[in-house]
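Here's the structure, in structure tokens; my notes come after.
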Amino acid sequence: MTDGEMLETNRVADTEDTGGNLLGPLLAGSTAALRSVGTSTGVVIGELIGLTNGGKTPLVRFSGQPGTAAIHARCVVDLCGAQIGQHVVLMFEAADPGKPIVMGVLRSDEGWPLADRPGGVEVDADGERLIVSSKEQLVLRCGNASITLTKSGKVLIQGSYVLSRSSGVNRIKGGSVQLN
């Protein structure tokens, strides 16, 4: 008897035992119906390999996956680049191992110290203030122009044409001022 025939026999036997009710084996704790589609009960622990489509689509790898390449997954939680390489909890749409869904990220023993969390965007409730923070460097870029803020306190303004205009005082102050 082939594996396919044995699975079909188990499925038919489970259906007969429950009077034609396909949910009966699942509710009774039997895994025959799930075995027939190639997965087991419970969740699977996998690894987050990367993020594609601008960080919207996770790539995962897990034991028993079809093929050896990372698989595109859907996601229930927000993921970020800092979580790449961490273990994730996976479930599968319609019990299909080719359609994983990331349910969450497993925390390691030490967790995330507050200072190491990735930067984020904070908007005050009154709408008058926008704070964008970064740990090392923040760059605002448009074409050939950019404004860069560094951790050490440097502000670098670059562009093919820079204009500073003021209706009041336009002050340049520093430890030393160099022109040309």
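The values are calculated or read from the model by the stated rules, or taken from the named source; none is laboratory data. Predicted, not measured: the structure shown is a model, and the values here were computed from it. Here Cβ is always computed from backbone atoms with ideal geometry, including for glycine, and neighbour counts include all displayed protein chains.
A few comments on the model shown:
- Among the residues making up region 77-109, a single one is touching a strand residue (DSSP E or B) at 6+ places or on another chain (Cβ under 6 Å) and of a type in the set (Gly, Ala, Ser): Gly104.
- Cβ-Cβ contacts under 6 Å between residues 6 or more apart (or on different chains), taken from a first residue in region 127-150 that is more than 16 Å from Val162 (Cβ to Cβ) to a second residue that is among the aliphatic types (A, V, I, L, M) and surrounded by fewer than 11 Cβ atoms within 10 Å (Cβ to Cβ), are listed as Val132/Val121; Leu149/Val155.
- A Cβ distance below 8 Å, combined with a sequence gap of six or more or placement on separate chains, defines the contacts here; from region 43-68, residues that are closer than 11 Å to Pro100 by Cβ reach residues that are of a type in the set (D, E, K, R) in the pairs Gly46/Arg61; Val60/Glu47; Arg61/Glu47; Phe62/Glu47.
- One residue alone among Arg129, Arg171, Arg117, Arg165 is more than 30 Å from Gly46 (Cα to Cα) and modelled with pLDDT under 80, and that residue is Arg129.
A quick yes/no check of all residues on (1) at pLDDT below 85; (2) closer than 30 Å to Ile157 by Cα; (3) surrounded by 11 or more Cβ atoms within 10 Å (Cβ to Cβ):
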position	(1), (2), (3)
Ser63	no, no, no
Thr68	yes, no, no
Arg74	no, no, yes
Leu79	no, no, yes
Val88	no, no, yes
Pro97	no, no, yes
Pro100	no, no, yes
Val121	yes, yes, no
Ile147	no, yes, yes
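- Among the residues of region 125-175, those that are of a type outside the set (Val, Ile, Thr) and in a strand (DSSP E or B) comprise Leu130, Gln137, Leu138, Leu140, Arg141, Cys142, Ala145, Ser146, Leu149, Leu156, Gln158.
- Failed criterion for Leu106 (all others in (1) within 30 Å of Ser134 (Cα to Cα); (2) modelled with pLDDT under 85 hold): (2)
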